[in-house]
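Asks: Before I ask anything, here is the structure I am working with.
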Amino acid sequence: MAKVNDMVKTLKDQLYQALLRSMASGHLEPGLVLLESNIAEIFGMSRSPVRQTLARLYDEGAISRFEGRGYVVGGEPSEVVRRSLTAADFRAAGGRASVKRTESWRALAERVEHDVVLGSMKGRLELNELELSRTLDVSRSVTHRILLQLQSLGVVAKVKYSSWNVVPLDSDRLHQLYEARRLLEPFMIGKACTRIGAQDVARYLQRLAQAERRYPHIDPGRLDALEQDLHHDALIHGANDELLSMLQRTRPILLISKHLLGGEIALPPEDPFFAAHRQVFEALAAGQATRASQALSDHLACSESLVQARLVNFQRDGDIRIPAYLRWLSRC
C-alpha cells in the first residue's frame with residue numbers, strides 16, 4: 001500500500017508542478033477553464049488526484065471558482081476562456097516529463113490510427129486485439145484503451161471477443177459523413193458566436209496567420225491542429241454535448257487529410273483551408289452568427305470535393321503496409 005500511496009503522491013506532485021509552471025508561463029492563460037476530466041485524460045491518471053490537486057491550487061489562490069463546471073486560472077479573471085487542454089499546453093512550458101505516461105500510449109494510438117485509417121480507405125479489414133497487443137508489446141488494458149479511442153472516432157467496430165472490424169471509408173460513407181457535418185456544424189458555430197470569447201477567436205486567427213506565412217514549410221500535425229481549432233474547439237462553445245458527440249463520429253473526414261497530407265501525398269501548392277477558416281473566425285469576431293454559419297457551410301461543401309478526390313486517388317495509387325494485427329476481408 002505504501003508504494004501505491006507514494007506513486008499517487010508523485011503523480012499529484014508532478015501534476016501540481018506542471019499546472020503551476022504552465023500558468024506562470026502563460027500557456028494556461030488567465031480565465032482558462034480547468035476541467036477535472038480533461039486534465040485526468042491528458043495525464044493518464046484517475047480523477048481523484050486531479051481533484052485533490054485542483055483543490056490545493058484553489059486553496060492557494062492560483063485558481064478560482066466561477067459560474068460553471070471546474071475552475072478558472074487566476075484569482076479574478078476578466079474573461080472566461082473555454083478550450084480543450086492538450087499535452088502540448090504542458091510541453092510548451094517544459095512539462096514533458098509530466099505527460100510522458102500519457103504520451104506513450106497516445107503515440108502508440110497515433111501509430112495504430114495511421115495504419116487503420118489508411119487501410120480503411122483501401123477496403124474491409126479485421127483487427128485482432130491479441131495480435132495488436134503482441135505487435136505493440138503492451139498490456140491488453142493499453143491495447144483496449146487504444147481501440148476504444150478508435151471506436152469513439154468511428155474507425156473500428158467490435159464484432160466479437162478480441163476481434164474488431166475496421167470500418168471501411170469509401171466515397172459513399174465519406175459523403176454521408178459530410179452530410180452530417182453540413183447539418184450540424186453551421187448550427188453549432190452559430191450558437192457559439194454568442195458564447196465564444198474574443199481572445200479565443202484572436203488566438204485562432206493568429207495561428208492561421210503564422211501557418212500561412214510558413215506554408216508549405218509546415219508540419220502536417222500543425223494542419224491537423226488548425227482543423228481542430230475550427231471543427232472542434234470553436235464548436236465546443238455551441239454548448240451542446242449531444243451534438244458534439246454526434247460530430248465526433250464524423251472525425252474520419254479529418255483523419256483522411258491528417259494521415260495523407262505531407263506524408264502519403266505532398267502538400268498542395270496552396271494551403272488547403274486557411275482562407276475558408278479565416279472567413280468563419282472573422283464572422284465570429286464580428287459577432288455575426290448567420291455569416292459564420294454560412295461561411296462554414298460553404299467551406300464544408302467545397303471541402304468535400306477536395307477530400308473525395310484525395311480518397312479516390314489514394315484508393316487507386318496509394319501503397320500501404322498492412323501490419324500483422326490486420327487482415328484483409330475484401331479490397332476495393
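Asks: Carbon and sulfur atoms: what percent of the 1.4 Å accessible area of the chain do they account for?
Replies: It is 51 percent, rounded to a whole number.
Asks: Continuing with the same structure: Could you give me the percent of Cα pairs per 10 Å distance bin for the stretch 42-89, shortest bin first, beginning at zero and ending with the bin that holds the maximum distance?
Replies: Taking every Cα pair in the stretch 42-89, the percentages come to 23, 52, 25, 0.
Asks: Can you find, among Gly318, Ala301, Leu254, the residue sitting farthest towards the positive end of the charge dipole of the stretch 240-332, where Lys and Arg contribute +1 and Asp and Glu -1 at Cβ?
Replies: Farthest towards the positive pole: Gly318.
Asks: For the stretch 204-301, rounded, prolate or oblate, judged on the Cα gyration tensor with a ≥ b ≥ c (square roots of eigenvalues), a/c < 1.5 rounded, else prolate if a/b > b/c?
Replies: The shape class here is oblate.
Asks: Summing Lys, Arg as +1 and Asp, Glu as -1, what charge do residues with Cβ under 13 Å from the Cβ of Asp224 carry, Asp224 excluded?
Replies: Here the count lands on -2.
Asks: Scan around Val156 for amide H atoms under 5 Å from its own, H built in the peptide plane at 1.01 Å from N, and keep only partners 5 or more places away or cross-chain.
Replies: Hits under the 5 Å cutoff: Gln151, Val167.
Asks: Another question about this same structure. Tell me which residues come under 5 Å, amide H to amide H, from Gly31 once H is placed; ignore anything under 5 positions away on its chain.
Replies: Sorted by chain and number, the residues that satisfy this are Val73, Gly74.
Asks: Next question. Label Ala286 and Phe66 with points 7 Å out from Cα along Cα→Cβ: what is the distance between them in nm?
Replies: Distance between the two pseudo-spin positions: 2.7 nm.
Asks: I'd like to know which of His277, Ala202, Leu244 lies farthest towards the positive end of the charge dipole of the chain, counting +1 on Cβ of Lys and Arg and -1 on Cβ of Asp and Glu.
Replies: The residue sitting most towards the positive pole is Leu244.
Asks: Is the shape of the stretch 265-310 rounded, prolate or oblate, going by the alpha carbon gyration tensor and its root eigenvalues a ≥ b ≥ c, with a/c under 1.5 for rounded and a/b larger than b/c for prolate?
Replies: Taking the square roots of the gyration eigenvalues as a ≥ b ≥ c, the stretch 265-310 is oblate.
Asks: So, by mean Cβ neighbours within 10 angstrom, what's the order for 154-160, 281-287, 313-319 with the highest one leading?
Replies: Put in order of decreasing packing, that is 281-287, 154-160, 313-319.
Asks: Starting with the highest mean, order 66-76, 35-45 by the number of other Cβ atoms within 10 Å, averaged over the residues of each peptide.
Replies: 35-45, 66-76
Asks: Oh, and also: Ordered by residue, what ³J(HN,Hα) values in Hz, to whole numbers, does the stretch 307-324 give under the Karplus form 6.51 cos²θ - 1.76 cosθ + 1.60, where θ = phi - 60° and Gly and Pro are x?
Replies: Per residue, the Karplus-derived 3J(HN,Hα) values read 6, 4, 5, 4, 5, 4, 5, 6, 4, 7, 10, x, 10, 10, 9, 9, x, 5 Hz.
Asks: Could you work out how far apart the two model spin labels at Val138 and Gln52 are, taking each label as a point 7 Å from the Cα in the direction of the beta carbon, and quote it in nm?
Replies: 2.6 nm
Asks: When the Kirkwood radius is taken over all Cα pairs of the stretch 280-332, what Stokes-Einstein diffusion coefficient follows at 4 °C and 1.567 mPa s, in µm²/s?
Replies: The diffusion coefficient I find is 90 µm²/s.
Asks: More than 14 angstrom separation, counting every C-alpha pair in the stretch 108-154; what % is that?
Replies: Cα-Cα pairs of the stretch 108-154 separated by over 14 Å account for 48 percent.
Asks: Note down the net charge around Leu261, summing +1 for each Lys or Arg and -1 for each Asp or Glu among other residues with Cβ under 14 Å from its Cβ.
Replies: -3
Asks: Could you list log10 I(q)/I(0) for the chain at q = 0.08, 0.11, 0.15 Å⁻¹, which the Debye formula gives when each Cα is one point scatterer?
Replies: Here log10 of I(q) over I(0) equals -0.42, -0.80, -1.40.
Asks: Sum up the charges of everything whose Cβ sits under 12 Å from the Cβ of Phe281, counting Lys and Arg as +1 and Asp and Glu as -1, but leave Phe281 out.
Replies: Net of charged neighbours comes to 0.
Asks: Quote the charge dipole size of the chain about the Cα centre in Debye, to the nearest 20; the model charges only the Cβ of Lys and Arg (+1) and of Asp and Glu (-1).
Replies: Computed charge dipole of the chain: roughly 800 debye.
Asks: Could you tell me the relative contact order of the chain? Use alpha-carbon pairs under 8 Å, at least six residues apart, and round to a whole percent.
Replies: 20 percent
Asks: When DSSP assigns beta bridges and you keep just the ones with both residues in the chain, what percent turn out antiparallel, to the nearest 5?
Replies: Antiparallel: roughly 90 percent of the beta bridges in the chain.
Asks: Could you give each residue of the stretch 256-270 its phi-based ³J(HN,Hα) in whole Hz, using Karplus coefficients 6.51, -1.76, 1.60 with θ = phi - 60°, and x for Gly or Pro?
Replies: So the J values, rounded to whole Hz, are 4, 5, 4, 9, 9, 5, x, x, 6, 10, 6, 5, x, x, 10.
Asks: Quick one: which of 13-21, 243-251, 198-206 comes out on top by average Cβ neighbours within 10 Å, and what's the full order, highest first?
Replies: The packing order, highest mean first, is 13-21, 198-206, 243-251.
Asks: A further question on this structure: So how strong a dipole does the stretch 134-292 carry about its Cα centre when Lys and Arg Cβ are +1 and Asp and Glu Cβ are -1, to the nearest 20 debye?
Replies: Dipole of the stretch 134-292, to the nearest 20 debye: 440 debye.
Asks: In debye, nearest 20, what is the charge dipole magnitude of the stretch 11-81 about its Cα centre with +1 on Lys and Arg Cβ and -1 on Asp and Glu Cβ, if you could check?
Replies: 260 debye
Asks: Under the rule a/c < 1.5 gives rounded, and otherwise a/b versus b/c splits prolate from oblate, where does the stretch 148-271 land using the Cα gyration tensor?
Replies: oblate
The values are calculated or read from the model by the stated rules, or taken from the named source; none is laboratory data. Owing to the predicted nature of the structure, the values given are computational and were not obtained by experimental measurement. So basically every Cβ, Gly included, is an ideal-geometry build from the backbone, and we count neighbours across all protein chains shown. What goes into the accessible areas is simple: the full protein's heavy atoms, side chains included, and nothing from ligands, DNA or RNA. Shrake-Rupley method; radii C 1.70, N 1.55, O 1.52, S 1.80 Å.
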